[in-house]
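Worksheet: the structure to be examined is printed underneath.
The values are calculated or read from the model by the stated rules, or taken from the named source; none is laboratory data. Predicted, not measured: the structure shown is a model, and the values here were computed from it. Cβ sites come from the backbone with ideal geometry, for glycine too, and all protein chains shown count toward neighbours.
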């Protein structure tokens, strides 16, 4: 390769149109308005990872691109993931991406790989590019401006571009004049440009499976309620600390509105003692004479901001403190897909209790019964150590809690939750049918349910318009928790409760800490929650199911309550 003279050329790594140069373009005022109204928005992403270069092959871009694609999919983006593209393929994908953006919503472009800076302009380097002199750059590489042009032409509401141009220049020995890092790009109005490290600086490809910046960015992106500026503040602090100050991410912003990867969880006002719930003569705090819902009190107490946890020393099961409060149990007549056994809506008050933040795993259950087998489903193993223990009967689950009490010397009493405790914990202060809101398409952020992956790999029809990445059970705690800090309340596996099931159990409920123990109503026990093949109609906090105490299945597990 011949030397380049006269002008300066820089070869760096663009680790992501989502990581290093983060660009948001569009009408932030309309974005904020739509988000505030709770309306779902189209989110479209193109993720490209280039690593297989003949000169200067990279180790992490493919891993980074895949990790980013998975994270974006969990954040309700429709993701196109491409790897090791040549110039023609890159341009074709960028053009197709631009056409999708014309449908509106949010667009996000992520690129991981090498990049070139020539006279202050940044270029993406395709696999197979042959650059022997400066003039060839514009013919062999892909101008970053092409991405921005597609976004601008689409006139969609919001756009994001991230470029991680940080790795060492593999052509340093061949070039006479070399500058480090990517060129600084001033953020146009309504945009934010973020770099994995400061302009003119470089960062290593990374020693692990992912670069430091990628990992920290993904961790920050999935935290509910963080504005985009706060996401990058967290990333900057974390990367600076992890690299001993050698790498400091940098941003240029001219945003005029707010953007959230995950909107703040819905909050409900706290019911006050001075305003009692409105109760009809029949005792139902929900119904009017016309059958319409009249909710004079919040469905639950406002969750505390700080979450108290406790780790059980024998199994390592982590518990969170669920503060006591009152809520409206059951579903109103207006709730879509409700069943008659979910009513009448009635006020219930619950004392505070400790609840395991996840269901019991195979590893934890095998400390009680070492030969437990959760088997598999259509070739997908359900036996992973961190996957939920399934094929567990109500008797098995109840016996586990008694064993756990004994293992702790009787110092604590462990048991299955009552269904009133379970629903109170699921709602976590929310008013909606799902603790994150009414939009079922956001389920994949919080739960492992019937999704595109299950539809593709298992033929399970997917009413959820999202992809959580798992065909069957997922490791517990994979997805975002509710406001009480509890994971998987409406997905992964269904959960046994202690109560005897009755269609009309609610008319027999006491106001304080109700539990149905009347076996004259039958032997079936209550089952709550959702599961890995659950439909949108079954992914609701109020839904009730039942099963015989000896029954077991591949979608049924349990979690544990510790009395204070």
Quiz prompt | Tally of residues being under 29 Å from the mean Cα position of the chain (by Cα) and in a loop (DSSP other than H, G, I, E, B) across the range 534-551 | solution = 8
Quiz item: Which residues, counting only those in the range 508-533, are over 22 Å from residue 351 (Cα atoms), free of Cβ contacts under 8 Å to residues at least 60 places away in the same chain and either part of a loop (DSSP other than H, G, I, E, B) or not assigned by TED's automatic domain parsing to the domain that holds residue 471 (or both)?
Solution: 522, 523, 524
Self-check item: 2 or more residues in contact with a strand residue (DSSP E or B) (Cβ under 6 Å, 6 or more places away or on another chain): qualifying helices (runs of 4 or more DSSP H) within the range 387-463
Solution: 394-407, 419-427
Self-check item: Search result, residues across the range 483-501 that are in contact (Cβ under 8 Å) with a residue 60 or more places away in the chain and more than 18 Å from residue 327 (Cβ to Cβ)
Solution: 487, 488, 492, 493, 494, 495, 496, 498
Self-check item: Unmet criterion (only one of (1) in contact with a helix residue (DSSP H, G or I) (Cβ under 8 Å, 6 or more places away or on another chain); (2) at pLDDT 80 or above; (3) surrounded by 16 or more Cβ atoms within 10 Å (Cβ to Cβ)) for residue 153
Solution: (3)
Quiz item: Of these, 194, 183, which one is within 32 Å of the chain's Cα centre (by Cα), surrounded by 19 or more Cβ atoms within 10 Å (Cβ to Cβ) and modelled with pLDDT under 85?
Solution: 194
Quiz item: Does residue 482 meet the test of being in the same structural domain as residue 378 (by TED's automatic domain parsing), under 24 Å from residue 307 (Cα atoms) and over 26 Å from the mean Cα position of the chain (by Cα)?
Solution: no
Quiz prompt | Hits in the range 332-361 - residues which are assigned to a loop (DSSP other than H, G, I, E, B) and out of contact with any strand residue (DSSP E or B) (no Cβ under 9 Å at 6 or more places or on another chain) | solution = 336, 337, 338, 339
Self-check item: Qualifying positions in the range 109-136 - part of a strand (DSSP E or B) and farther than 29 Å from residue 44 by Cα
Solution: 118
Quiz prompt | Residue that is out of contact with any helix residue (DSSP H, G or I) (no Cβ under 8 Å at 6 or more places or on another chain), without any contact (Cβ under 8 Å) to a residue 12 or more places away in the chain, buried (at least 16 other Cβ atoms within 10 Å of the Cβ) and closer than 29 Å to residue 524 by Cα, where the choices are 405, 418 | solution = 405
Self-check item: Search result, residues across the range 58-91 that are closer than 14 Å to residue 112 by Cα and either free of Cβ contacts under 8 Å to residues at least 12 places away in the same chain or assigned to a helix (DSSP H, G or I) (or both)
Solution: 61, 62, 63, 64, 65, 66, 67, 68, 69, 90
Practice problem: State all residues of the range 217-230 that are assigned to a helix (DSSP H, G or I) and surrounded by fewer than 23 Cβ atoms within 10 Å (Cβ to Cβ); if no residue qualifies, say none. | Solution: 218, 219, 220, 221, 228, 229, 230
Exercise. For residue 103, work out the one condition from (1) touching a residue at least 40 places away in the same chain (Cβ under 8 Å); (2) part of a helix (DSSP H, G or I) it doesn't fulfil.
Key: (2)
Quiz item: Among the residues of the range 470-482, is any under 20 Å from residue 322 (Cα atoms), in contact with a strand residue (DSSP E or B) (Cβ under 7 Å, 6 or more places away or on another chain) and in contact (Cβ under 8 Å) with a residue 60 or more places away in the chain?
Solution: yes
Practice problem: Evaluate the range 250-261: report whether one residue or more is modelled with pLDDT of 80 or more and under 27 Å from residue 73 (Cα atoms). | Solution: yes
Practice problem: Kindly list, by first and then second residue, each pair from a residue in the range 235-248 that is not assigned by TED's automatic domain parsing to the domain that holds residue 223 and crowded, with 19+ Cβ neighbours inside 10 Å to a residue that is at pLDDT 80 or above and not in a loop (DSSP other than H, G, I, E, B), limited to pairs with Cβ atoms under 7 Å and residues at least 6 apart or on different chains. | Solution: none
Self-check item: Any chance residue 505 is without any contact (Cβ under 8 Å) to a residue 40 or more places away in the chain, over 20 Å from the mean Cα position of the chain (by Cα) and surrounded by fewer than 23 Cβ atoms within 10 Å (Cβ to Cβ)
Solution: no
